[in-house]
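Okay, so here's the structure we're looking at.
The values are calculated or read from the model by the stated rules, or taken from the named source; none is laboratory data. Predicted model, so just to flag it, every value in this text is computed and none were measured. Cβ sites come from the backbone with ideal geometry, for glycine too, and all protein chains shown count toward neighbours. Only protein heavy atoms, including side chains, enter the accessible area calculation; ligands, DNA and RNA are left aside. Shrake-Rupley method; radii C 1.70, N 1.55, O 1.52, S 1.80 Å.
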Amino acid sequence: LLCYYVSRVLIRRAHDRLMLEQVRREAEQARRLDRMKLDFFANVSHELRTPLTLIADPIEHIVNDENLTKRQRNMLQIVEKNVSILMRLVNEILDFRKIQNKKMRLTLSEFELTGYLKEWVSTFESIATKRKIKVDLIISAPIRLCADIYKVERIFYNLLSNALKYTDEGGNITIKAKSTDETVEICVKDTGRGIAKEDIRHIFDRFYQVRNSNKDGTGIGLAIVKAFTELQGGTAKVESEVGEGSEFTITLPK
């Protein structure tokens, strides 16, 4: 009987070791796959940056030509806007690689956030109008912040872009910004489809795609939000219910 129990214990331990080894191998494989994805995106981004710059510069000059018709100028402005979006995406991927290699640096400055928020929201007006999504910006008082303005802009663009992506036609997005003596809080709330509980804990992971989602993307937008926020000593969190929408809150030290 003793031999039987000892053998059972040994078999169980051997099984546990095998399971741990399998988990370790799977984790290492996932990390290797992540590195391969990031290297691929970064290499493609390097190749895209030069031709995008060569496209953007002539368009910037042409769009200011007084001889253009209104229709021609509008069409060129659409091209210019989309080139700008592509350039931001390229830079975002390269920035993410810097974060992973611990080479990202902050360029801090003090600025009035309110005006920038209004400007950033306005760049999404055409998309929101086309899809009949109402976007409200609520700011109780002027907000001053000492931070890296480029990174704050990227945080906000990704949050609002994500909200628009997952909000159906006729929905609402509410953006609130407020400050205390020590922090500034930016909240983006939508009436979209919401996030399942099993997805919430991974939502800021790089390359993570929400299950059963038909939306395309690189899977690094929200990872950038978290990385840029934490790089500046802040926190990023999300609250969501399926069918009720999502609320992303960024808190930065003032």
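Using only Cα atoms, tell me the angle between helix 2-62 and the longest principal axis of the chain; keep it within 0 to 90° and round to the nearest 10. With rounding to tens, the tilt is 10 degrees. Asp168 contributes an accessible area of around 90 Å² to the protein surface, as traced by a 1.4 Å probe with all chains present.
For the chain, the longest principal axis of the C-alpha atoms and the axis of helix 70-100 are separated by about 30°. These residues, Arg105, Arg73, Arg144, go from largest to smallest accessible area, 1.4 Å probe, as Arg105, Arg144, Arg73.
Each Lys or Arg adds one and each Asp or Glu subtracts one; over the other residues with Cβ under 12 Å from the Cβ of Arg154, this totals -1. Estimated from the Cβ-Cβ distance and a Förster radius of 30 angstrom, the FRET efficiency linking Ile55 and Leu106 is about 0.50.
Other residues lying with their Cβ under 14 Å from the Cβ of Gly171 contribute a combined charge of +1, Lys and Arg counting +1, Asp and Glu -1. With one equal scatterer per alpha carbon and no solvent term, the Debye-computed log10 I(q)/I(0) for the stretch 41-184 at 0.14 1/Å reads -0.90.
Taking all protein chains as they are arranged and a probe of 1.4 Å, the heavy atoms of Phe111 leave approximately 10 Å² accessible to solvent. Per residue, the chain exposes 64 Å² of accessible surface when a 1.4 Å probe is rolled over the protein heavy atoms with every protein chain present. Against the chain, whose longest principal axis comes from its Cα atoms, helix 149-165 is set at around 80 degrees.
Against the empirical 2.2 N^0.38 Å (N residues), the chain has a Cα radius of gyration ratio of 1.27. Think of each Lys and Arg Cβ as +1 and each Asp and Glu Cβ as -1; about the Cα centre, that makes the dipole of the stretch 1-152 roughly 920 debye.
In this calculation the C-beta distance from His15 to Lys165 is compared with R0 = 45 Å, giving a FRET efficiency of 0.55. In units of the compact-protein estimate 2.2 N^0.38 Å, the stretch 54-109 shows a Cα radius of gyration of 1.60. When nucleic acids and ligands are ignored and a 1.4 Å probe is applied, Met19 ends up with an accessible area of around 90 Å². Dipole magnitude for the chain: computed about the Cα centre from +1 point charges on Lys and Arg Cβ and -1 point charges on Asp and Glu Cβ, it is near 940 debye. Heavy-atom surface analysis with a 1.4 Å probe gives the chain a carbon and sulfur content of 54 percent of its accessible area.
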